[in-house]
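Novice: Can you read through this structure? Questions will come right after.
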Amino acid sequence: MATADTIAQKLKDALSPQHIEVEDVSHHHAGHAGWRDGGGTHFTVTIKAASFAGKSRVQQHRLVNSILADELSGDIHALELHLSS
Amino acid sequence: MLDNALKTRIDNEIASESVVLFMKGTPVFPQCGFSAAVVGVLSHLGVKFRGINVLEDDSIREGIKVYSDWPTIPQLYVKGEFVGGCDIIREMYESGELTEMFQTHGIDARPS
């Protein structure tokens, strides 16, 4: 199952960010589409990483999405990203 | 994989209006908080757009993700170009870039 810790670890390994925060916000979406009891479906991720420099917003998001491709095609229903370089 | 017929359908949808939003639900009755947020932003800027409800068509719902290499919905297209999903639209709205982008494309938009 995707957890805030496993997601953070994957992103740390791939991006060596200066700052990263991963929050499981699944409980905010209780009862919504894609939600299920126990968390792990909705995450908010904030990352500050030099690897984003010179990339458009769309490219920055695609980079993160590609790192989390397995999770996105599985457990994760929604991933809110706040990215900066 | 996106077959040619589906790709052509999506091409046509995107070309149907200057501003097209693939969303869950309709502009009047969004069925997802993220779609609702983008509708709210566009309405606030006074931008005319066409909403396409992906919940009505599973092939579009899955196809649009492959088409744009973007795993989530909503997705905003302006003059045929993918602009972003909910987070990007919100950020651009907050910084004023969104209005600028619309005006660059000759689309009326109020300042945020």
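A short reminder: the numbers here are calculations on the coordinates, not readings from a lab. This one's a predicted model, so the numbers in the text were calculated from it and none came from an experiment. Backbone-built Cβ (ideal geometry, glycine too); neighbour counts: all protein chains shown.
Novice: For chain A, what does the helix formula give at 222 nm: sum of -39500 (n - 2.57) over DSSP H segments with n ≥ 4, over the residue count, nearest 500 deg cm²/dmol?
Specialist: Working: 3 runs with 27 residues, N = 85.
So the calculated ellipticity at 222 nm is -9000 deg cm²/dmol.
Novice: Report Rg(Cα)/(2.2 N^0.38 Å) for the protein assembly as shown, keeping two decimals.
Specialist: That works out to 1.02 for the protein assembly as shown.
Novice: Using DSSP, restrict attention to beta bridges with both residues in chain B and report what percent are antiparallel, rounded to the nearest 5.
Specialist: Antiparallel bridges: around 65 percent, rounded to the nearest 5.
Novice: If you take every DSSP beta bridge whose two residues both sit in the protein assembly as shown, what share of them, in percent to the nearest 5, is antiparallel?
Specialist: Among the beta bridges of the protein assembly as shown, antiparallel pairing accounts for roughly 55 percent.
Novice: On C-alpha positions alone, give me the angle between the axis of helix A:57-67 and the longest principal axis of chain A, in degrees, nearest 10.
Specialist: The helix A:57-67 is inclined about 60 degrees to chain A.
Novice: Suppose we keep just the DSSP beta bridges with both residues in chain A; what percent of those would be antiparallel, to 5? Could the numbers behind the result be given before it?
Specialist: Numbers: 6 of 13 bridges.
Taking every DSSP beta bridge with both residues in chain A, the antiparallel ones total about 45 percent.
Novice: Need one value for B:72-80: mean number of C-beta atoms belonging to other chains within 10 Å of its residues' C-beta atoms.
Specialist: Values: counts 9, 0, 0, 0, 0, 0, 0, 0, 0.
Partner-chain Cβ atoms within 10 Å, mean over residues of B:72-80: 1.
Novice: Region B:9-112: percent of C-alpha pairs farther apart than 20 Å?
Specialist: In whole percent, the long-distance tail amounts to 30.
Novice: How many partner chain Cβ atoms sit within 10 Å of a residue's Cβ in peptide B:62-70, on average, as a whole number?
Specialist: 1
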